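The values are calculated or read from the model by the stated rules, or taken from the named source; none is laboratory data. As the structure is a computational prediction, the values presented were derived from the model and not from experiment. Neighbour counts are summed over all protein chains in view; Cβ atoms, including those assigned to glycine, are modelled from backbone coordinates with ideal geometry. Ligands, DNA and RNA are excluded from the accessible area calculation, which covers all protein heavy atoms including side chains. Shrake-Rupley method; radii C 1.70, N 1.55, O 1.52, S 1.80 Å.
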Amino acid sequence: MGDDAHHVVAGALSMGVDQRPARLLILGATQGVGQALIAELSKPQWAKDLEVHAVSRQVHTAPARHIIPHQHDLDCGPIAVQADGLISLGPIRYALDHLRSRPPNDPMGAAWALSSASTDFKQDSPDDHERELMASILEDEQSLIATCQARGIVHQLYKTTLLYGGADRNINRVAALIDRLRWVPVIGRGLRSPVHVEDVAQLIITQWDSWRNRNELMSGTWRLQGGNALTYPEFLSAIAQGHGLPLRRVRLPLGVVRLALALAHRVGRLTDIKASMLSRQRQDLVVDDQSARAQLGWRPRRFSPTRDR
Ligand SMILES: NC(=O)c1ccc[n+]([C@@H]2O[C@H](COP(=O)([O-])OP(=O)(O)OC[C@H]3O[C@@H](n4cnc5c(N)ncnc54)[C@H](OP(=O)(O)O)[C@@H]3O)[C@@H](O)[C@H]2O)c1
């Protein structure tokens with residue numbers, strides 16, 4: 001699926017008469033990309049010109065004085081922080097709520113939002129819940145774009161494949177499963193191309209820098225995948241190897257594994273694995289990220305997971 005049309009926008013960053021540091025608001029600061037962003041933006045070179053407001057429901061300490069943590073439940077309403085740029089790394093509806101809550105003279109000039117490429121793969125899922133979730137993500141994306149356009153906010157939406165790195169719940173979950181099972185059933189050879197959270201964080205920083213220092217930013221939607229694509233069995237092997245785990249792959253027909261999973265569910269086992277995940281092993285969950293490479297300089301690393309990262 002192709003990415004949307006983009007155009008270069010000279011989105012001026014209003015600094016105000018007092019030349020205060022630029023203010024960035026990060027929603028979803030404890031998400032993997034958020035952790036990577038904060039680690040980078042905590043470095044001394046950012047301290048003079050930048051103030052980062054990092055929001056999550058958890059109590060978190062600031063690694064530097066110019067990083068200001070906010071413990072705030074966005075389900076209770078948006079946070080009253082005036083910022084020049086918004087980075088949304090949690091559910092998009094919180095970014096929407098924030099933008100809609102701001103007065104017309106708000107300085108917000110640019111927004112970056114992380115979303116999922118799963119909408120390309122799961123729109124027609126046999127699982128009702130998955131289909132509803134995909135429809136709601138697409139609706140939120142469209143509302144965010146429309147709101148940014150209406151308010152003259154330059155916006156970039158990144159739809160990524162599976163994210164990993166830091167304390168991720170994806171690759172670490174597969175590693176835990178490999179560790180738990182004596183043999184891992186393999187049903188298909190669909191392609192996977194996971195994206196490291198630090199690569200997305202770096203992309204956002206580069207784009208922020210371009211907007212802040214050159215007043216240049218392209219509005220649009222880009223799909224992002226990792227530096228290489230692996231078949232599902234190769235993906236399992238890379239995870240096992242990276243985590244130092246023995247792996248015994250057993251190729252089985254879908255029907256047999258479905259039956260075994262249904263029996264396991266009946267006795268309350270493997271409940272975190274859904275039947276729809278099994279058939280998806282045959283599906284290619286990769287995207288075309290040529291637009292991001294050509295227009296944004298997207299250069300993701302190859303997949304090489306380790307126990308800590
Ligand atoms: N996970 C992936 O592999 C993946 C892949 C592609 C795209 N994405 C996209 O990445 C985004 C994040 O997805 P995710 O699955 O990683 O995590 P998520 O659970 O959607 O969001 C996690 C972040 O949002 C914050 N958050 C959640 N509810 C909150 C609330 N009520 N108030 C304040 N903060 C709240 C969390 O902070 P606290 O829990 O600390 O409060 C955390 O920092 C989504 O747009 C998703 O589509 C994810």
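Things to note:
- Relative to the longest principal axis of the Cα atoms of the chain, the long axis of helix 232-242 makes an angle of roughly 70 degrees.
- Of the peptides 189-200, 72-83, the order by per-residue mean of other Cβ atoms within 10 Å, starting with the highest, comes out as 189-200, 72-83.
- Counting only Cβ charges, +1 for Lys and Arg and -1 for Asp and Glu, the dipole size of the chain around its Cα centre is about 1280 debye.
- Most positive-pole-ward Cα, Tyr158, Thr306, Ser237, against dipole of the chain from beta carbon charges: Ser237
- Segment 211-286 and segment 118-196 have Cα centres lying 10 Å from one another.
- In segment 119-216, chymotrypsin sites (Phe, Trp or Tyr not before Pro) in a DSSP loop with at most 12 other beta-carbon atoms within 10 Å: Trp183
- Between helix 197-214 and the chain there is an angle of about 20 degrees, using the helix long axis and the longest principal axis of the Cα atoms.
- Ala39 versus Arg131: modelled label distance in nm, points set 7 Å from Cα along the beta carbon direction: 4.0 nm
- Cα long-axis angle, helix 128-151 against the chain (0 to 90 degrees, to the nearest 10): 20 degrees
- The alpha-carbon of Lys274 sits under 20 angstrom from the alpha-carbons of these lysines, leaving out residues fewer than 8 places away in its chain: Lys122.
- On segment 60-185, 50 percent of the accessible area sits on carbon and sulfur atoms, based on a 1.4 Å probe.
- Extension gain, Ser143 back to Gln295 (0.36 nm per residue minus Cα-Cα distance, nm): 52.3 nm
- Take the convex hull of the alpha carbons in segment 83-227; its mean projected area over all directions comes to 10.6 nm².
- Based on the reciprocal of the average 1/r between different C-alpha atoms, the Kirkwood radius for segment 95-140 equals 12.6 Å.
- P(r), alpha carbons of segment 168-309 - 5 Å bins starting at zero, rounded %: 2, 9, 15, 19, 16, 12, 10, 7, 5, 3, 1, 0
- Relative intensity, log₁₀ I(q)/I(0), of the chain from a Debye sum that treats every alpha carbon as a point, q = 0.14 Å⁻¹: -1.11
- Charge context of His265, other residues only, Cβ under 13 angstrom, K/R +1, D/E -1: +3
- Beta bridges assigned by DSSP with both partners in segment 146-256 are antiparallel in approximately 15 percent of cases.
- Here the Karplus relation 6.51 cos²θ - 1.76 cosθ + 1.60, evaluated at θ = phi - 60°, turns the backbone of segment 262-273 into coupling constants of 4, 5, 4, 4, 4, 9, x, 10, 6, 5, 7, 9 Hz, with x for every Gly and Pro.
- Within the chain, percent of DSSP bridges classed antiparallel, to nearest 5: 10 percent
- Were the residues from Ser210 through Arg182 laid out at 0.36 nm apart, the gain over their Cα-Cα distance would be 5.1 nm.
- Simple Cβ-charge dipole of segment 64-217, Lys/Arg +1 and Asp/Glu -1, about Cα centre, in debye nearest 20: 380 debye
- The modelled label-to-label distance for the pair Ala275/Asp106, using points 7 Å beyond Cα in the direction of Cβ, is 4.4 nm.
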